[in-house]
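Here is the structure we will look at.
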Amino acid sequence: MTAATEVFTSERFRSARRRAQIALSQGAPVIVVDDLRGTGCDLVADARTVDVSVMAHLIRFGSGFVCATVDEETCERLDLPPVEWSQRSSFYLGDPRVSVDVSLGTTTGISAADRAATARALSRRDATASEFTRPGHLVPVLADGTRQTRPDYIAELVGGPAVFAAVEPSEIVLADDVTVVRQGSRVLPVVRLSQ
């Protein structure tokens, strides 16, 4: 158990949302349950600070399909045109953009290290379109805060750019009062979008 997991399992943080925000601020991933529409669960981390171990966790325990929230200004600045979700992925109800890889310091783009670097680069306010290759292995999704989509709620919870990967709800046994779940060697806080 890391120092971060010890902090957010403390009884003094009673609010699930507050525990999740503390974990995210310390670089740990959280599980977000979309119980407003019943459309599933996501592993979520802060894109600005995501490291290789957290990205590897999202890839291994999530769907392997990793998205990153971006705002409208970022889409324009980085030349991220919209694309269509496949029917299988449409449950996000978000506005996906062309997938990207950051080019400097990465190889194929698919590794956890490369995707973590891409997420951090996407979240930089001084990043430019020329820093990315297209298509890539990280899917930016518009989260402008004006709609009620999972990406919008996730970005609001993180308080900025987030990376997320879907998790099969059947893989996480959730009772009404569950506040943390163990995945591999990590203990993750659980937050419901209705909280």
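Less than 5 angstrom separates the built amide H of Leu138 from those of Val100, all sequence-distant by 5 or more or on a different chain.
Under 5 Å between amide hydrogens, built in the peptide plane, is the criterion, and for Ala127 it picks out nothing among residues at least 5 positions away or on other chains.
FYI, it's all coordinate maths here, none of it is from the lab. Only a predicted model underlies this, so the values are computations on that prediction, with no experimental measurement involved.
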